């Protein structure tokens with residue numbers, strides 16, 4: 001299903017074929033280490049969300065789908081990550 005967020009990602013050139021990987025989950029304890037370990041030419045998009053938020057829960061499947069597509073590229077230049085602010089902040 002095409003959602004507005006996925007369509008925007010497609011138009012921005014971020015959409016790729018599907019794969020089995022998903023977005024990386026960040027925590028306060030590993031935020032710097034995970035993002036610092038990414039290859040130099042790789043950008044990270046961090047979704048700061050709250051697990052109780054209806055809008056965040058509505059966006060989650062689209063974000064997951066985009067993460068799967070991006071991870072399937074031979075040399076991904078964008079990695080999607082997420083941090084649950086309700087837990088970590």
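Among the residues of the stretch 51-89, which ones are touching a helix residue (DSSP H, G or I) at 6+ places or on another chain (Cβ under 9 Å), assigned to a helix (DSSP H, G or I) and under 16 Å from residue 34 (Cα atoms)?
The answer is 88, and nothing else.
Taking the stretch 19-33 as the search range and keeping residues that are surrounded by 10 or more Cβ atoms within 10 Å (Cβ to Cβ) and modelled with pLDDT under 90, which one is nearest to residue 87 (Cα to Cα)?
So the residue we want is 25.
The values are calculated or read from the model by the stated rules, or taken from the named source; none is laboratory data. These numbers come from a predicted model, not from an experiment. Quick reminder, even Gly has a Cβ in these numbers, built from the backbone with ideal geometry, and neighbours come from all protein chains shown.
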